[in-house]
Amino acid sequence: MEAFTYYQGKTIPLMNDNIDTDQILPKNYLKRVEKTGFGQYLFDDWRYLPKRRPNPEFILNFPEYKEASILISGDNFGSGSSREHAAWALMDYGFRAVIAGSFSDIFYMNATKNGLLPIVLSLSVRQELAALAPDERIAIDLPKQQVTVKQTVYPFEIDATWKHKLVNGLDEIGITLQEEKKITAYEKTIPHYRRN
């Protein structure tokens, strides 16, 4: 997993409350076995008209937001089913962080497990971010737990365990590999006839 320490990016506002995982990634796209390739289906029902024609009224299709990598949203982001694919789709599309009023617990866990940073900020701050020009950048400093907008700094909270994993780029495999020497030593104690 790619480490998340300090990041600067452009924002895109999608201030709806209760955006669920079906809206993030419709269920008919869950058949892929890789974590990649889901970005093309992100917000599919909103992004496309019949015959997959881009919906000119949906903000992800606005040319000025093409390079956005930080999603600004409403309350209860990622509610609904537990599909990890929703986090994969956001990351595959190019998002590194989602700033919302709150997150569903399962989505929050899925995001952090995959290197997508979920940040909770107040409505007033999110409204400020939503009003930024498409070419303006904000900075996210995860070690300091700060979002900087122009010259203003907004602190945010994150569980120390998730922060450690994100800053160090540790997913479950990475955490296991930290114990590689112990695992190898243990495997050497197993009789050869039990190794297959």
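The values are calculated or read from the model by the stated rules, or taken from the named source; none is laboratory data. Quick caveat: nothing in here was measured; it's all calculated off a predicted structure. Ideal geometry is used to build each Cβ from the backbone, glycine not excepted, and the neighbour counts take in all protein chains shown. Note: accessible area is taken over every heavy atom of the protein model, side chains too, but ligands, DNA and RNA are not part of it. Shrake-Rupley method; radii C 1.70, N 1.55, O 1.52, S 1.80 Å.
Here is the figure for segment 41-57: residues that are in a helix (DSSP H, G or I) and touching a residue at least 40 places away in the same chain (Cβ under 8 Å) total 1. Counting only residues that are open to solvent by 20 Å² or more (accessible area, probe 1.4 Å), of a type in the set (A, V, I, L, M, F, W, C) and closer than 12 Å to Ile70 by Cα, segment 111-149 holds 1 of them.
Within segment 79-99, is even one residue at positive phi and free of Cβ contacts under 8 Å to residues at least 60 places away in the same chain?
Checking segment 79-99: at least one residue is at positive phi and free of Cβ contacts under 8 Å to residues at least 60 places away in the same chain.
When residues in segment 53-69 are screened for being open to solvent by 70 Å² or more (accessible area, probe 1.4 Å) and either more than 24 Å from Asn114 (Cα to Cα) or of a type in the set (Val, Ile, Thr) (or both), 6 of them pass. Checked against (1) assigned to a loop (DSSP other than H, G, I, E, B); (2) out of contact with any Gly (no Cβ under 7 Å at 6 or more places or on another chain), Glu2 meets all criteria but (2). Regarding segment 181-188, can at least one residue be identified that is assigned to a loop (DSSP other than H, G, I, E, B), acidic (Asp, Glu) and modelled with pLDDT under 95? Looking through segment 181-188, none of the residues is assigned to a loop (DSSP other than H, G, I, E, B), acidic (Asp, Glu) and modelled with pLDDT under 95. Of the residues contained in segment 109-116, none is found to be at pLDDT 95 or above, assigned to a strand (DSSP E or B) and not hydrophobic (A, V, I, L, M, F, W, C). Only residues that are open to solvent by less than 10 Å² (accessible area, probe 1.4 Å) and either in contact with a helix residue (DSSP H, G or I) (Cβ under 8 Å, 6 or more places away or on another chain) or outside any strand (DSSP E or B) (or both) were counted in segment 5-26, giving 7. Going through segment 1-23 one residue at a time, which ones are under 27 Å from Gly169 (Cα atoms) and either in contact with an Asp or Glu (Cβ under 9 Å, 6 or more places away or on another chain) or of a type in the set (S, T, N, Q) (or both)? Selection gives Met1, Thr5, Tyr6, Tyr7, Gln8, Gly9, Lys10, Thr11, Thr21. For segment 27-52, the set of residues classified as modelled with pLDDT of 95 or more and open to solvent by less than 80 Å² (accessible area, probe 1.4 Å) consists of Phe38, Gly39, Tyr41, Leu42, Phe43, Asp44, Trp46, Arg47, Tyr48, Leu49, listed by residue number. Which of the numbered conditions does Ile72 fail, given that it passes all the others? Conditions: (1) surrounded by fewer than 21 Cβ atoms within 10 Å (Cβ to Cβ); (2) outside any loop (DSSP other than H, G, I, E, B); (3) among the aliphatic types (A, V, I, L, M). Of (1) surrounded by fewer than 21 Cβ atoms within 10 Å (Cβ to Cβ); (2) outside any loop (DSSP other than H, G, I, E, B); (3) among the aliphatic types (A, V, I, L, M), only one is false for Ile72: (1). Flag not set for Gly174, criterion: at pLDDT below 95 and on the phi > 0 side of the Ramachandran plot.
Report, by residue number, each residue of segment 86-102 that is open to solvent by 10 Å² or more (accessible area, probe 1.4 Å) and farther than 15 Å from Gly115 by Cβ. If you could, list the steps in order and put the result at the bottom.
Of the residues in segment 86-102, the ones open to solvent by 10 Å² or more (accessible area, probe 1.4 Å) are 88, 91-94, 96, 101-102.
Correct list: Gly101, Ser102.
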